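The values are calculated or read from the model by the stated rules, or taken from the named source; none is laboratory data. Since this is a predicted model, take the numbers as computed values, not measurements. Virtual Cβ from ideal backbone geometry, glycine too; neighbours counted across all protein chains shown. Keep in mind that these areas ignore ligands, DNA and RNA; they rest on the heavy atoms of the full protein, side chains included. Shrake-Rupley method; radii C 1.70, N 1.55, O 1.52, S 1.80 Å.
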Amino acid sequence: QKEVEQNSGPLSVPEGAIASLNCTYSDRVSQSFFWYRQYSGKSPELIMSIYSNGDKEDGRFTAQLNKASQYVSLLIRDSQPSDSATYLCAVNPSRQLTFGSGTQLTVLP
Amino acid sequence: KAGVTQTPRYLIKTRGQQVTLSCSPISGHRSVSWYQQTPGQGLQFLFEYFSETQRNKGNFPGRFSGRQFSNSRSEMNVSTLELGDSALYLCASSFLGTENNEQFFGPGTRLTVL
């Protein structure tokens, strides 16, 4: 079993819709969770970090964490074509980020 | 604040050669981590440095090495290059490198081994 699993996609949503990206992790000691966005040909860009159970909102982005279910998700409200990218889930159990394989999101105009 | 910088941005080498990549972290950040990104394996952790000491190492052969200087700048070296070393090499910096510290990536060095 992979340490961090993401729905591989690709995921397509129409402009203005909510995009939902999911991630599960296997290491129960993980306490820090991150979402990165990576445009094609660019490096990952941190968009959200979450450490406690529940929701964390930042603009159009909401991260949700459920440690009991070992599940973290990212919701993007009012999706825009500029949100089209690969979204990487990462956990940090021991000072090294462990990444999922990413979900490619396309927002259709 | 300036972001993480990496040099060079692109490199082409041949098998058997060695290469050195450089990374300057965000000012004030003391931890530097290196990652390799390939289409097949995704993003994989190489090693992490803090105060000139390697604190953590990923599952890569000894051909991959690194160091950190007193100003927190870091270099990584790959010796005896193989075709499979072609990848995007990413450096990330964080303030202290603890588990809850956010890591910020540089633009990467694209290495092609022919």
By residue number, the members of the stretch B:1-26 that are more than 20 Å from B:D85 (Cβ to Cβ) and not in a loop (DSSP other than H, G, I, E, B) are B:T5, B:S24
Report yes if A:E15 is among the charged types (D, E, K, R), in contact (Cβ under 8 Å) with a residue 24 or more places away in the chain, open to solvent by 10 Å² or more (accessible area, probe 1.4 Å) and more than 14 Å from every other protein chain (Cβ to nearest Cβ), otherwise no.
-> yes
When every residue in the stretch A:77-94 that is surrounded by 21 or more Cβ atoms within 10 Å (Cβ to Cβ) and over 12 Å from A:R37 (Cα atoms) is compared, the one nearest to the other protein chains (Cβ to nearest Cβ) is A:N92
Looking only at the stretch A:49-56, decide whether some residue is part of a strand (DSSP E or B) and in contact (Cβ under 8 Å) with a residue 24 or more places away in the chain.
-> no
Checked the stretch B:82-102 for anything out of contact with any Gly (no Cβ under 8 Å at 6 or more places or on another chain), within 8 Å of chain A (Cβ to nearest Cβ) and open to solvent by less than 10 Å² (accessible area, probe 1.4 Å); matches are B:G97
Of B:S24, B:S79, the only residue that is more than 16 Å from B:G108 (Cα to Cα) and either modelled with pLDDT of 95 or more or over 14 Å from the mean Cα position of the chain (by Cα) (or both) is B:S79
Do the conditions hold for B:L111, that is, is it touching a strand residue (DSSP E or B) at 6+ places or on another chain (Cβ under 9 Å), assigned to a loop (DSSP other than H, G, I, E, B) and closer than 21 Å to B:T14 by Cβ? no
*For the stretch B:8-17, indicate whether the set of residues that are within 14 Å of another protein chain (Cβ to nearest Cβ) and not β-branched (V, I, T) is non-empty.*
yes
Given (1) within 18 Å of A:L97 (Cα to Cα); (2) among the small types (G, A, S); (3) in contact (Cβ under 8 Å) with a residue 40 or more places away in the chain, B:G42 misses just (3)
Residues in the stretch B:27-69 that are surrounded by 15 or more Cβ atoms within 10 Å (Cβ to Cβ), within 11 Å of another protein chain (Cβ to nearest Cβ) and assigned to a loop (DSSP other than H, G, I, E, B) total 1
Could you tell me whether B:S74 is more than 18 Å from A:T98 (Cβ to Cβ) and among the small types (G, A, S)? yes
Note: among B:S72, B:S51, B:S33, B:S65, just one is at pLDDT below 95 and hydroxyl-bearing (S, T, Y), namely B:S51
Over the stretch B:70-87, the set of residues over 11 Å from B:S33 (Cα atoms) and assigned to a strand (DSSP E or B) is B:N77, B:V78, B:A87
